[in-house]
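The values are calculated or read from the model by the stated rules, or taken from the named source; none is laboratory data. Note that this is a predicted model, so its numbers are computed, not measured. Here the Cβ positions follow ideal geometry from the backbone for every residue, glycine too, while neighbour counts run over all protein chains shown. Heavy atoms of the whole protein, side chains included, go into the accessibility calculation; ligands, DNA and RNA do not. Shrake-Rupley method; radii C 1.70, N 1.55, O 1.52, S 1.80 Å.
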Amino acid sequence: VMPHILFPTDFSPVANHAYRFALRLADGLGLELVLFHAYHYALLETGMEPDAVMDALNRQAIEEAEGHFITYDKEIQEELGVSVPTRYVMKEGYPLEEIVAYARASNPQWIVMGTTGAHNAIENFFGSTTAGVMRAAEMPVLAVPPEAPLGPVSRIAFATDLRPETQGVVYAISRLAH
């Protein structure tokens with residue numbers, strides 16, 4: 001697998017903003033960018049849905065995601081003046097579980113995700129997808145809030161439990177501050 005950055009997205013405005021950071025990071029580090037989307041049909045879990053209905057929903061989800069991915073590639077790369085090699089991955093399942101499983105299998109150099117932060121008691125209790133990925137990932141996760149200005153990195157927060165295996169992460173993060 002080519003060295004890459006994993007960019008999980010739900011195609012929200014927050015994710016679109018974070019995509020610009022992912023592109024800049026991939027361009028600066030000479031890495032491929034893997035755009036990842038997991039989709040799940042929360043209301044369809046009875047097991048009684050006809051296969052044709054599920055097939056149609058899957059096709060629709062894949063077509064919509066591909067449309068978003070193409071927009072990312074064409075419009076945003078053009079806007080930023082970069083040319084980053086990209087690949088698209090789509091998985092059916094719960095986003096947190098699928099992102100973590102894909103990250104473990106593909107071992108990206110970085111994961112870049114948008115984050116809105118906890119805004120209510122429910123989100124505080126259950127946690128956001130980004131927070132869950134940050135807890136489970138074995139590689140650096142760059143969580144980009146919607147208000148983060150796109151420009152040179154001026155501040156980096158690094159949370160660690162001081163395990164010896166985090167030394168490589170410190171090196172990877174230091175490459176951002178230039």
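Can you tell me which residue in the stretch 160-178 is farthest from Arg24 (Cα to Cα), limited to those that are among the hydrophobic types (A, V, I, L, M, F, W, C) and either under 19 Å from the mean Cα position of the chain (by Cα) or at pLDDT 75 or above (or both)? Within the stretch 160-178, the match that is farthest from Arg24 (Cα to Cα) is Leu162.
Conditions tested, residue by residue: (1) free of Cβ contacts under 8 Å to residues at least 40 places away in the same chain; (2) under 17 Å from Thr115 (Cα atoms); (3) in contact with a His (Cβ under 7 Å, 6 or more places away or on another chain); (4) of a type in the set (D, E, K, R).
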| residue | (1), (2), (3), (4) |
| --- | --- |
| Asn16 | no, yes, no, no |
| Glu32 | no, no, yes, yes |
| His37 | no, yes, no, no |
| Gly67 | yes, no, no, no |
| Thr71 | yes, no, no, no |
| Glu75 | yes, no, no, yes |
| Leu80 | no, no, no, no |
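The criterion of at least 2 residues that are open to solvent by less than 40 Å² (accessible area, probe 1.4 Å), modelled with pLDDT under 90 and more than 22 Å from Val133 (Cα to Cα) is met, among helices (runs of 4 or more DSSP H) falling completely within the stretch 1-85, by 51-71.
Count of the stretch 86-104 residues, restricted to those that are under 15 Å from Glu32 (Cβ atoms) and part of a helix (DSSP H, G or I), is 2.
Quick one: which residue in Glu92, Glu98 is modelled with pLDDT of 95 or more and closer than 24 Å to Val1 by Cβ? Glu98 is the lone residue from the list that is modelled with pLDDT of 95 or more and closer than 24 Å to Val1 by Cβ.
Those residues that are hydrophobic (A, V, I, L, M, F, W, C) and modelled with pLDDT under 85, I need them from the stretch 108-140; list them, please. Within the stretch 108-140, Ala118, Ala121, Ile122, Phe125, Phe126 meet the criteria.
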